1. For the chain, with only Lys/Arg (+1) and Asp/Glu (-1) charged at the beta-carbon, what is the dipole magnitude about the Cα centre, in debye rounded to 20?
2. Which residue, L226, G213, P197, has the largest displacement toward the positive end of the dipole of the chain when charges sit on each Cβ (Lys, Arg +1; Asp, Glu -1)?
3. Roughly how many Å² is the accessible area per residue of the stretch 187-305, as a whole number, for a 1.4 Å probe?
4. Of the listed peptides 160-166, 249-255, 323-329, what is their order by residue-averaged count of other C-beta atoms within 10 Å, with the highest listed first?
5. Express the Stokes-Einstein translational diffusion coefficient of the stretch 53-198 in µm² s⁻¹, to the nearest whole number, given a Kirkwood radius over alpha-carbon pairs, 37 °C and a viscosity of 0.692 mPa s.
6. Assuming 1.567 mPa s and 4 °C, estimate D for the stretch 101-178 with Stokes-Einstein, Rh taken as the Kirkwood radius over Cα pairs, in µm²/s.
7. Per residue, how much accessible area does the stretch 34-98 show when a 1.4 Å probe rolls over the protein heavy atoms, in square angstrom?
8. What's the long-distance tail for the stretch 249-345, i.e. % of Cα pairs beyond 18 Å?
Amino acid sequence: MRISSIECGRVIAMMAVMTIHISPFNNVLDPTLWRDPFYFWLGGTLNQLCRFAVPLFFLCAGYFLQPKLAGGHPLSVALRYCRPLLLLWLVWSLLYLLIPFNPLAAAEQGYLATLQQQWPLQIGDRLNVWLVGGMVHLWFLPALMLAVMLTALCHGLGRPALALWLGTFLYLLALIGGSYAKPLLGAEWPLLTRNGPLFSLVFVALGVWLRQGHWQPDAGTGWLLLTGGILLYALEAWALLEFGDVPLNRHDFLLGSLPWGVGLFALLLAHPQLGAGSWLERLSPKVLGLYCLHMLPAIWLFVFGPQGKLPWWELLKLPLLFAASLLLYRILSTTPMTRWLLRPH
């Protein structure tokens, strides 16, 4: 079952993920570079406006998996769903650990010496690396797999609603140990609460529940949830910055992410033919592959791109990353062995 509007939404969400990772008007290596008030708010706002993306991915996964879970043998369904994702996670983790961030430095200093310099950035966090993998963005794959397995387990126990309750509990724990930790606890938990099922389960379970209930929202409901979610999210982010000194771009999710994500999903369901036949819909099958590979060109843009406070370069980074990712996808799709890295199903 394909819904044109959701397929297009997934591609836009992929662009939003790229925006987060390419960080316009925010230099992770030199945080003081864009610290004047205009660019501080511009970079932080762009970053946070893109945070609808991952909740949308998780909602879609649950929504489209529900009929198979309800068809019987939910754990077998979940294992078939997760097995190729696990292999994809393992292989891409290994590739990111073996590909030099700076090939020119590898040629000058030696291949192993260059890798040994970058490995602490990739796998230096011994606690969280098991739920992330060889590159920071790959956390999404184990988070999705664990959410699907827990949802299937609840179905197998005959308690499908339990996944939603458990997901809500874990989500609140994740907020307490993450974005809300500094004002509530004084410091964040060592365990990064974005990882694993803490963030993902509630959205996957919501997607399953909405499909199971044959939810058919109208546009008004979607706009109400979307607007309310964004306003709640903005209020939380502002309050945490103002009273808790929590940076804007710290937040992967907040309470407002729930109505924001569901509202956007409702709007897409209410307009199923939106974007039908467009280039966005044609790109939709490439989203998983683009997600896995896009950090390579993102890193190379950081390494080889112009340095310094250059607004024109900040505006160019996203279209360059999108074009470079599509080019790399095209190259990898030319042989059967590398094609598997893009679509393992």
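1. Numbers: 20 positive and 13 negative charges, 206 e Å.
It comes to approximately 980 debye.
2. Of the candidates, G213 comes out farthest on the positive side.
3. Numbers: 5090 Å² over 119 residues.
Per-residue accessible area for the stretch 187-305 comes out at 43 Å².
4. Put in order of decreasing packing, that is 249-255, 160-166, 323-329.
5. Result for D is 191 µm²/s.
6. Values: Rh = 15.4 Å.
For the chosen part, D equals 84 µm²/s.
7. Working: 2950 Å² over 65 residues.
For the stretch 34-98, the per-residue accessible area is 45 Å².
8. Percent of Cα pairs beyond 18 Å in the stretch 249-345: 65.
The values are calculated or read from the model by the stated rules, or taken from the named source; none is laboratory data. Here the structure is a predicted model, which means the values were calculated and not measured. Methodologically, a virtual Cβ is constructed for each residue, glycine included, from the backbone with ideal geometry; neighbour enumeration extends over all protein chains shown. Note: areas computed on protein heavy atoms with side chains; ligands, DNA, RNA excluded. Shrake-Rupley method; radii C 1.70, N 1.55, O 1.52, S 1.80 Å.
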